[in-house]
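Note sheet for the following structure.
Rule-based calculations on the coordinates, nothing more; no lab input. Here the structure is a predicted model, which is why all the values come from computation and not from measurement. For neighbour counting, all protein chains shown are included, and Cβ atoms are generated from backbone atoms with ideal geometry for every residue, glycine included.
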Amino acid sequence: MADAVLMEKALGAYVGLAVGDALGASVEFMTAGEIAALHGVHKDLRGGGWLRLNSGEVTDDTQMSLVLGEAILANPAWDTRRVAGAFSLWLQGRPVDVGNTCRRGLRRFMTDGTLSGPPNEGDAGNGAAMRNLPVVLSTLHDDEAFRQRSLEQAHITHNHRLSDAGTLGLGEMTRVLLKGGDLAAAVRAMEAMVAAEPSFNPRPWRGCSSGYIVDTVRTVLDAFLNSDSLEECVVRAVNRGGDADTTGALAGQLAGALYGLRGVPVRWLRKLDPVVLDRIRRQVPALLAQGGRGMPPAHGRHENLERKAGESRSQEGLAGGIMECAAAP
Ligand code: MG
Ligand code: MG
């Protein structure tokens with residue numbers, strides 16, 4: 001696959017994660033009926049919600065991904081302790097939101113330095129799966145490193161077989177798409193995940209969209225399978241309510257890996273926190289460069305992508321700006 005195509009899909013996955021988080025956070029913990037009564041269909045980055053966010057502001061889903069990405073780039077050989085340290089520094093900075101399981105795991109690390117708690121029935125939340133994209137990008141062509149690093153970053157806060165299965169399964173679907181697989185290939189990866197863990201089967205969707213990893217995976221897969229665009233996928237997930245920022249983030253990650261950056265609505269790109277966008281566009285090429293094959297060449301890349309992005313977004317220059325930065329060393 002051409003380097004520019006990989007870059008466009010990887011940026012799509014990361015930006016999709018962030019816009020899904022920002023969109024969903026406005027309606028997190030609401031029911032689908034409450035969302036419909038308030039917004040009709042909730043489809044614009046409007047901020048608010050129980051966290052009283054600014055328009056385009058992201059939450060822990062995106063923030064922990066960014067922290068993990070920066071920790072990976074600072075320690076290319078992989079160092080779980082440094083990842084845990086980076087998460088802990090983030091927690092000490094009083095983030096706008098942090099899940100209870102993440103908080104408990106990081107406090108344990110800060111107290112006794114352990115990189116994993118014992119297997120715990122209370123650890124079956126979605127907090128490890130939601131932040132794993134930087135591992136996916138940095139291990140794209142190394143199956144063993146993908147598996148090992150995904151589980152090590154996950155166990156810092158979540159040690160449960162369903163969390164592991166969801167983190168690896170959604171990560172593998174994302175890897176398949178980034179490596180050039182089409183929707184059918186992603187569905188085959190999904191079916192392998194469901195065969196190993198039947199509770200993840202999204203057919204039928206059973207009406208739960210909570211932070212329990214099983215509910216989250218099912219809601220994300222339902223949105224992915226029943227949509228034809230990134231916008232439709234993310235909107236379908238977040239309008240289920242519940243843990244809408246996290247289902248939105250993971251739906252955006254998968255849809256971004258399929259449809260690419262050009263699938264992200266311009267009105268969402270305009271609203272997304274520019275500091276977040278800048279961190280994403282700096283991380284993506286560097287993380288991909290760690291993933292082995294697919295490393296962009298030094299010059300002349302993205303020309304076709306810039307042209308295509310420019311055709312639809314020339315007046316904004318935003319996608320072109322992302323590509324320029326992505327092309328920077
Ligand atoms: Mg969140
Ligand atoms: Mg959430």
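Going by the conditions given, is Q148 part of a helix (DSSP H, G or I), away from ligand 2 (no atom under 16 Å from the Cβ) and surrounded by fewer than 21 Cβ atoms within 10 Å (Cβ to Cβ)? Before the answer, list the steps.
On the way: part of a helix (DSSP H, G or I): yes; away from ligand 2 (no atom under 16 Å from the Cβ): yes; surrounded by fewer than 21 Cβ atoms within 10 Å (Cβ to Cβ): yes.
Yes, satisfied.
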### Task
Kindly provide the set of residues from the stretch 185-229 that are in contact with a Phe, Trp or Tyr (Cβ under 9 Å, 6 or more places away or on another chain), touching a residue at least 40 places away in the same chain (Cβ under 8 Å) and of a type in the set (G, A, S), ordered by number.
A186
### Task
Answer with yes or no whether P134 is touching a helix residue (DSSP H, G or I) at 6+ places or on another chain (Cβ under 9 Å) and more than 16 Å from ligand 2 (Cβ to nearest atom).
yes
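For the structure I just gave you, tell me whether L38 is away from ligand 1 (no atom under 15 Å from the Cβ), surrounded by fewer than 15 Cβ atoms within 10 Å (Cβ to Cβ) and in a helix (DSSP H, G or I). Lay out the reasoning, then the answer.
Numbers: away from ligand 1 (no atom under 15 Å from the Cβ): yes; surrounded by fewer than 15 Cβ atoms within 10 Å (Cβ to Cβ): yes; in a helix (DSSP H, G or I): yes.
Taking the combined requirement at face value, the residue satisfies it.
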### Query
Of all residues in the stretch 1-35, which are within 16 Å of ligand 2 (Cβ to nearest atom), part of a loop (DSSP other than H, G, I, E, B) and surrounded by fewer than 24 Cβ atoms within 10 Å (Cβ to Cβ)?
E28, F29, M30
### Task
Find the residue count for the stretch 16-69, including only residues that are closer than 13 Å to V276 by Cβ and of a type in the set (D, E, K, R).
4
### Message
Condition check: more than 16 Å from ligand 1 (Cβ to nearest atom) and either β-branched (V, I, T) or surrounded by 14 or more Cβ atoms within 10 Å (Cβ to Cβ) (or both). Does D112 satisfy that?
### Response
no
## Note on the structure
Among the residues of the stretch 168-214, the number that are in a helix (DSSP H, G or I), surrounded by 22 or more Cβ atoms within 10 Å (Cβ to Cβ) and within 16 Å of ligand 2 (Cβ to nearest atom) is 2
### Query
Taking G69 and the conditions (1) of a type outside the set (A, V, I, L, M, F, W, C); (2) surrounded by fewer than 21 Cβ atoms within 10 Å (Cβ to Cβ); (3) at negative phi, which numbered condition does it fall short on, given that it satisfies the others?
(2)
## Note on the structure
Going through (1) over 15 Å from L230 (Cα atoms); (2) among the β-branched types (V, I, T); (3) in contact with a helix residue (DSSP H, G or I) (Cβ under 9 Å, 6 or more places away or on another chain) one by one, T31 fails only at (3)
### Task
Determine the pairs where a residue that is free of Cβ contacts under 8 Å to residues at least 60 places away in the same chain, located within the stretch 99-115, has a partner that is in a helix (DSSP H, G or I) and within 16 Å of ligand 1 (Cβ to nearest atom) with Cβ atoms under 6 Å apart, the partner being 6 or more residues away or on another chain.
L106/F87; L106/L91
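Return the total of residues in the stretch 54-81 being in a loop (DSSP other than H, G, I, E, B), of a type outside the set (G, A, S) and either touching a Leu at 6+ places or on another chain (Cβ under 6 Å) or within 16 Å of ligand 2 (Cβ to nearest atom) (or both).
So in the stretch 54-81, the residues in a loop (DSSP other than H, G, I, E, B) come out as 54-59, 75-79.
Keeping just the survivors that are of a type outside the set (G, A, S) gives 54, 57-59, 75-76, 78-79.
Checking the rest, the ones that are also either touching a Leu at 6+ places or on another chain (Cβ under 6 Å) or within 16 Å of ligand 2 (Cβ to nearest atom) (or both) come to 57-59.
So the answer is 3.
In the stretch 245-255, is there at least one residue being surrounded by 21 or more Cβ atoms within 10 Å (Cβ to Cβ) and either free of Cβ contacts under 8 Å to residues at least 60 places away in the same chain or away from ligand 2 (no atom under 16 Å from the Cβ) (or both)? Spell out how you get there, then give the answer.
First pass over the stretch 245-255, keeping only residues surrounded by 21 or more Cβ atoms within 10 Å (Cβ to Cβ): 245-255.
Restricting the remaining residues to those that are either free of Cβ contacts under 8 Å to residues at least 60 places away in the same chain or away from ligand 2 (no atom under 16 Å from the Cβ) (or both) gives 254-255.
Checked against the condition, which is being surrounded by 21 or more Cβ atoms within 10 Å (Cβ to Cβ) and either free of Cβ contacts under 8 Å to residues at least 60 places away in the same chain or away from ligand 2 (no atom under 16 Å from the Cβ) (or both), the stretch 245-255 yields at least one hit.
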### Failed criterion for F224 (all others in (1) in a helix (DSSP H, G or I); (2) under 26 Å from P119 (Cα atoms) hold)
(2)
